[in-house]
1. For Ala176 and Asp211 in one chain, what is 0.36 nm times their gap in residues minus the Cα-Cα distance, to one decimal in nm?
2. Whole-Hz ³J(HN,Hα) for each residue in segment 250-262, computed from phi via Karplus 6.51 cos²θ - 1.76 cosθ + 1.60 with θ = phi - 60°, x for glycine and proline: what do you get?
3. Figure the gain on full extension for Thr267 and Asp236 (residue separation times 0.36 nm, minus the Cα-Cα span) and round it to one decimal in nm.
4. Show the residues, 5+ positions off or on another chain, whose built amide H is closer than 5 Å to the amide H of Glu283.
5. With θ taken as phi - 60° and the coefficients 6.51, -1.76 and 1.60, list the Karplus ³J(HN,Hα) couplings across segment 164-175 in order, rounded to whole Hz; mark glycine and proline as x.
6. For Ser101, list long-range residues whose amide hydrogen, built 1.01 Å from N in the peptide plane, is under 5 Å from its own amide hydrogen.
7. What lysines does Lys174 reach when the alpha-carbon gap must be under 20 Å and sequence neighbours fewer than 8 apart in one chain are set aside?
8. HN-Hα J couplings of segment 180-187 from phi, Karplus 6.51/-1.76/1.60, θ = phi - 60°, integer Hz, Gly and Pro as x?
Amino acid sequence: MKTQHILAWVLCLTMFGTISCSGDEAAFPSVTETPSTDPGTDPGTDTGTDLDATVPDGTGLYFRLGIKWESAAEDSAFTNLSRAESGDCVVTSVTPDITCSFTVPEGQLYYSTLQFRMGSKAAASCPILKFRPYYYQKSAASPVADDPGTPGDETAPGYTPSGSDTELSCADGKEALCFGGAAPHMVEGFPENTGRYFLPQVTPESSYTLDSENKLRSYYGAGVNYLVTNDLPTPDRAANANAPADLAASRERVGGTFNDYYVWCETFWAEPVFSIKVMISDENEDPTGGLDQYPDWPGVNN
């Protein structure tokens, strides 16, 4: 019976490129995925077949974070960053769930392209490999008219992103501009889709790129690293936050919507077996104080 289920799953994934064929998904963490099967039509994706030689054979799941300057040649190689914790960023049956933290000098991070590379050398243990980039909701505001028959007569304003003149309705969570972080730039169809997946038995490794904040200007030139960094302290994640005046609207967020980077494996029955939580922060020249040139999350007014 399990063989029939496996064949049905593979057929479903091959035909439809989604994981919704079996009904409601109990994902870890909650995510809706788009497939990474065609690098020719999927910008920012490289489904390569050359596995990382530094990863031991039989590794269930591994992750690499690469970096290069935004001005580097397109075909220039990424430099892999070292994990802050001891050991390599690889998952085995002995350590099935780990955290891999990376820190980058703040100026370098602001002007650099990142590569998120992941794969498995034990495809039988990792039938479905998923990646959810970090994101959060900036606002849940929606315009509320005092008189629905009078356009522009509002008792509550909607959300106007910094640098924009367009007022958005964010309460339903369907507008990408109501969100911050990496996922809006890395996931096609975000926020309807919030992650990516691929099948290691078909493609053992995939990578996804994120352009620099200096290029994307996703925070409208505020000079911050919130596009990439997900180091907001846990105690500060539950509450709503307004934006400090000195950083325009760059720090605003809705409490309880902060989602970290996650890479994980699932069985054909949607059971998680391996996972890697990825944490990225920037480094100031003087970590004990002084000027924060390109702010990340920790600090005053979290």
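1. Working: separation 35, 0.36 × 35 = 12.60 nm, distance 1.72 nm.
10.9 nm is the gain from fully extending Ala176 to Asp211.
2. Those phi angles translate into 6, 9, 5, 6, 9, x, x, 10, 7, 10, 7, 5, 9 Hz.
3. Values: separation 31, 0.36 × 31 = 11.16 nm, distance 3.37 nm.
That works out to 7.8 nm of additional length.
4. Long-range HN contacts for Glu283: Val104, Glu106.
5. So the Karplus estimates, Gly and Pro as x, are 10, 10, 9, 8, 10, 9, 10, 4, 8, x, 9, 9 Hz.
6. Residues meeting the amide H criterion: Ala84, Glu85, Met279.
7. Cross-link targets: Lys138.
8. Those phi angles translate into x, x, 7, 4, x, 9, 10, 10 Hz.
Laboratory data are not the source of any read-out in this text; all were calculated from the coordinates shown. These figures come from a predicted structure and were not determined experimentally. Cβ sites come from the backbone with ideal geometry, for glycine too, and all protein chains shown count toward neighbours.
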